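Everything below concerns the one structure shown next.
All of the numbers you see were taken from the coordinates with simple rules; none came from a lab. A quick note: this is a predicted structure, and the numbers were derived from the prediction, not measured. Please note: Cβ atoms are built from the backbone with ideal geometry, for glycine as well, and neighbour counts cover all protein chains shown.
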Amino acid sequence: MTVTATTPLQTTRRVLLAAPRGYCAGVDRAVVAVEKALETYGAPVYVRKEIVHNKHVVETLRERGAIFVNETDEVPEGARLVFSAHGVSPAVRASAAERNLDTIDATCPLVTKVHKEAVRFAKDDYDILLIGHDGHEEVEGTAGEAPDHVQVVNSPDEVDKVVVRDPDKVVWISQTTLSVDETMETVRRLREKFPEMQDPPSDDICYATQNRQVAVKKLAPECDLVVVVGSANSSNSVRLVEVALQAGARSAYRVDRASEIDEAWLDGVTTVGVTSGASVPEILVQDVIRHLAERGYGDVEEVRTATEDLMFSLPRELRAGLKAAGQGDERPRRENRRTLPVQPV
Ligand code: 2E4
Ligand code: SF4
């Protein structure tokens, strides 16, 4: 008889908690930018679109005096407007300037990097294949840098319909929050079609997106259920559900908050994986952990695949404003503070 080594059968209820999870450097910077703008200039501070795609963050900032708008023409002439972390096109900047808006640009620097790639390749007259989701704010902003050169490729299945002017002058770039595996499949099919296609100068899918996917992949095969905390319009959070299922989780769901966990999801479940998207405050994850502990899942083990210490300085316009108001731009590291006040959820 051949005896093979197997993992001992897990019989006690437990939680595997992914790390890294939650806030990335770009989200932290954007949320702090709105908080500091409110503290320094007073309410209202206008914000174009959701500063990050998280209901709790948006509701909390709204209570403090932020006014979220869809477009610049909803903002009174001369008022202060923050651009969200997902970035804006030059057309949006121009319309804000026309209205004399005092803008604070909270675009994540890693999104700005992709904008610069689009500008550079358009200048060299490349056909730019932007892998990303049509209608997502980040894709609108990046495509808006070079609308005549960019076409959006939503998925591997869309590769068949891509047409370019010169197959020897094509480059692909991407949204920052995609599934790494699905994007690589899109790139593989594009390269089959356009063998001379150029790669972007560096990874466009950012470090935070990649790290959160690696962590959830590690714990997913052991999980009967994976709970991803994040909002429905948060691309990177939704991708974590897909990645967990592809990596072997028996089931995976996204919730905005603990109370959305359906009791039926826990039927027969021994191991629950928990993670959160890059726009999700840690207090929402801790609520989920408490909720699960009350149902017998009190044993929590962290599964860490990377350590993150990146921190971006605040937007330049805000730093100048803080200096003029005699305030500093320092902030404690994310892990040492609550970015948002604790509220009943
Ligand atoms: C800016 C760029 O892009 P996604 O929908 O995942 O945004 P979310 O606000 O959930 O996450 C933060 C973020 C912001 C990610 N990339
Ligand atoms: Fe920036 Fe990445 Fe965070 Fe998006 S997920 S805000 S690109 S660090």
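Please report, in debye to the nearest 20, how large the charge dipole of the stretch 195-345 is about its Cα centre when each Lys and Arg carries +1 at its beta carbon and each Asp and Glu carries -1 there. Walk me through the numbers before you get to the answer.
Values: 18 positive and 24 negative charges, 114 e Å.
Its charge dipole is roughly 540 debye.
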- Near-label residues of the stretch 164-179 by backbone N, under 12 Å of a point 7 Å along Cα→Cβ of GLN198: 168-173
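Run through the stretch 66-110 and list the GluC sites (Glu not before Pro) located in a DSSP loop whose Cβ has at most 13 other Cβ atoms within 10 Å. Walk me through the numbers on the way to the answer.
Working: sites: GLU71, GLU74, GLU77, GLU98; in loops: GLU71, GLU77.
Passing both the DSSP loop test and the Cβ count: GLU71, GLU77.
Relative to the compact-globule scaling 2.2 N^0.38 Å, provide the ratio for the alpha-carbon radius of gyration of the chain.
On the way: Rg = 21.7 Å, N = 345, 2.2 N^0.38 = 20.3 Å.
Output field value: 1.07.
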- Note on the structure: Projected onto the charge dipole of the stretch 272-338 (unit charges on the beta-carbon of Lys, Arg, Asp and Glu, signs +1, +1, -1, -1), the Cα from VAL288, VAL274, GLY321 with the largest positive-side position is that of GLY321
- From DSSP H assignment alone, runs of 4+ in the chain each adding -39500 (n - 2.57), the sum over residues rounded to the nearest 500 puts [θ] at 222 nm at -10500 deg cm²/dmol
- Counting only the backbone N, which residues of the stretch 12-52 are under 19 Å from the spot 7 Å out from the Cα of MET311 toward its beta-carbon? 20-37
- Message: Taking the alpha-carbon distance from LYS218 and a cut-off under 12 Å, which aspartates and glutamates remain once sequence neighbours fewer than 8 residues away in the same chain are dropped?
- Response: GLU302
- Which lysines does LYS161 reach when only Cα atoms under 29 Å apart count, and residues fewer than 8 places away in its own chain are ignored? LYS113, LYS116, LYS123, LYS169, LYS193
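Rounded to the nearest 0.05, what FRET efficiency do ARG250 and VAL162 give with R0 = 30 Å and r taken as the Cβ-Cβ distance? Could you check? Present the calculation step by step, with values, prior to reporting the outcome.
Numbers: r = 36 Å, r/R0 = 1.20.
Taking R0 as 30 Å, the efficiency between ARG250 and VAL162 is 0.25.
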- Task: State, to one decimal in nm, how far the label point of ARG188 lies from the label point of VAL300, with both points 7 Å from Cα in the Cβ direction.
- Result: 3.8 nm
- Task: Please work out how much length the chain gains when fully extended from ARG62 to ARG290, using 0.36 nm per residue of separation minus the C-alpha to C-alpha distance, in nm with one decimal.
- Result: 79.4 nm
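Which shape class, rounded, prolate or oblate, goes with the stretch 1-117 when its Cα gyration tensor gives a ≥ b ≥ c as root eigenvalues, a/c under 1.5 marks rounded, and past that a/b bigger than b/c marks prolate? Write out the running numbers ahead of the final one.
On the way: a/c = 4.00, a/b = 2.37, b/c = 1.69.
Cα axes put the stretch 1-117 in the prolate bin.
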- Query: What list of ³J(HN,Hα) couplings, whole Hz, do you get for the stretch 37-49 from phi and the Karplus terms 6.51, -1.76, 1.60, once you set θ to phi - 60° and write x for glycine and proline?
  - Reply: 5, 5, 5, 7, 9, x, 6, x, 10, 7, 10, 7, 6
